[in-house]
Amino acid sequence: MANYKVIFHVDKSSVAKWKLVLVNIENIITEFGNDIDIELLANAEGIGLLYKTPNHFKETIMRLSSMGVQFALCANSLKQQNLTKEFFLDMATVVPSGVGELVLKQSAGWAYIKP
Amino acid sequence: MANYKVIFHVDKSSVAKWKLVLVNIENIITEFGNDIDIELLANAEGIGLLYKTPNHFKETIMRLSSMGVQFALCANSLKQQNLTKEFFLDMATVVPSGVGELVLKQSAGWAYIKP
Amino acid sequence: MANYKVIFHVDKSSVAKWKLVLVNIENIITEFGNDIDIELLANAEGIGLLYKTPNHFKETIMRLSSMGVQFALCANSLKQQNLTKEFFLDMATVVPSGVGELVLKQSAGWAYIKP
């Protein structure tokens with residue numbers, strides 16, 4: 001079991017931010033290897049990072065997913081934007097509430113990073 | 001006593017951010033009910049969210065307050081902007097330092113969210 | 001030994017943000033005195049806050065450093081921007097990964113603040 005756990009919070013539609021958070025995750029993996037659990041939680045405008053198409057970061061996201069990184073979408077944000085799961089990458093999971101997920105993870109000892 | 005606790009940090013004057021954080025709080029309440037303590041801490045430009053007037057979010061804030069959400073203002077930010085408590089909504093409380101409050105709460109096990 | 005610990009995360013090049021985080025740190029010191037350990041972690045565009053020159057905040061940073069505040073730079077960010085340690089203020093230290101540092105500190109009980 002991993003000794004470290006971290007959840008990244010993405011709530012903006014900025015391409016620069018999206019690129020940054022993915023690089024952040026790659027750096028974390030390089031440093032901690034298998035000793036860390038990583039989740040990216042997207043809510044509000046941040047859910048665009050996980051669109052099925054268009055998605056300029058699809059290959060990176062799929063690679064990170066294959067390395068064990070979890071990708072979670074806020075159900076409230078989908079509803080507010082009239083979107084359903086089918087518009088998003090297959091590996092993404094939907095959680096009832098993005099901020100609820102951030103609370104649950106931190107309460108379980110996960111570190112929080114907001115790029 | 002609530003099993004979960006979360007503090008939201010607001011330090012920008014963006015209306016979009018303000019709307020987002022209030023929706024975030026509503027979603028948290030929907031998910032956790034009475035099992036969570038919630039505080040919104042406003043400092044720097046974020047204190048504008050709690051102005052007595054003008055305040056487009058007054059009704060939402062009063063409703064959330066009646067449901068137990070705490071609203072805190074940073075005394076340093078008030079001083080820096082030459083404002084006194086009377087300019088702000090009655091339910092808002094003033095803490096000595098916004099960042100100090102964020103440290104105290106996290107040290108006591110509260111989750112931190114920066115929308 | 002200090003009872004409180006906090007790490008500030010700076011990843012933008014905004015002068016307003018830099019000014020804010022330094023004021024935040026001064027306010028924390030005023031409130032907690034010696035009872036808190038403080039670190040500022042700069043990554044991505046945030047590393048500019050610690051340039052040797054130009055640096056409009058040099059005096060403030062040196063004063064805070066003399067009071068025990070730690071300033072850390074992300075090695076990955078330096079590499080990505082083709083910069084070496086010599087371009088940065090002497091008191092700054094380099095950590096292997098900025099986000100890794102944020103994980104390690106939070107795992108050790110440090111509070112996290114993203115101004």
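Residue count for the range C:52-85, restricted to those that are among the aliphatic types (A, V, I, L, M) and either within 13 Å of chain A (Cβ to nearest Cβ) or part of a loop (DSSP other than H, G, I, E, B) (or both): 5.
Scanning the range C:20-51 for residues being at the interface with another protein chain (Cβ under 10 Å from one of its Cβ atoms), among the charged types (D, E, K, R) and touching a residue at least 24 places away in the same chain (Cβ under 8 Å) gives a total of 2. Against the test of being under 30 Å from residue A:16 (Cβ atoms) and open to solvent by less than 30 Å² (accessible area, probe 1.4 Å), the options C:6, C:23 yield a single qualifying residue, C:6.
For the range C:10-19, the candidate set comprises residues that are closer than 20 Å to residue A:17 by Cα, within 12 Å of chain B (Cβ to nearest Cβ) and in a helix (DSSP H, G or I); within that set, the residue that is least open to solvent (accessible area, probe 1.4 Å) is C:17. Take the conditions (1) open to solvent by 40 Å² or more (accessible area, probe 1.4 Å); (2) touching a helix residue (DSSP H, G or I) at 6+ places or on another chain (Cβ under 8 Å); (3) in a loop (DSSP other than H, G, I, E, B); residue A:34 misses just one of them, which is (2). For residue A:104, the requirement of being at pLDDT 95 or above, part of a strand (DSSP E or B) and within 14 Å of chain B (Cβ to nearest Cβ) is not met. Within the range A:70-103, the set of residues being in contact (Cβ under 8 Å) with a residue 12 or more places away in the chain, open to solvent by 40 Å² or more (accessible area, probe 1.4 Å) and of a type in the set (Ser, Thr, Tyr) comprises just one member, A:93.
Rundown of residues vs (1) touching a residue at least 40 places away in the same chain (Cβ under 8 Å); (2) under 13 Å from the mean Cα position of the chain (by Cα); (3) surrounded by fewer than 21 Cβ atoms within 10 Å (Cβ to Cβ), yes/no style:
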| position | (1), (2), (3) |
| --- | --- |
| B:53 | no, no, yes |
| B:62 | no, yes, yes |
| B:65 | no, yes, yes |
| B:106 | yes, no, no |
| B:111 | yes, no, no |
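The values are calculated or read from the model by the stated rules, or taken from the named source; none is laboratory data. Owing to the predicted nature of the structure, the values given are computational and were not obtained by experimental measurement. Here Cβ is always computed from backbone atoms with ideal geometry, including for glycine, and neighbour counts include all displayed protein chains. Just so you know, the surface numbers come from the protein's heavy atoms only, side chains and all, with ligands and any DNA or RNA stripped out. Shrake-Rupley method; radii C 1.70, N 1.55, O 1.52, S 1.80 Å.
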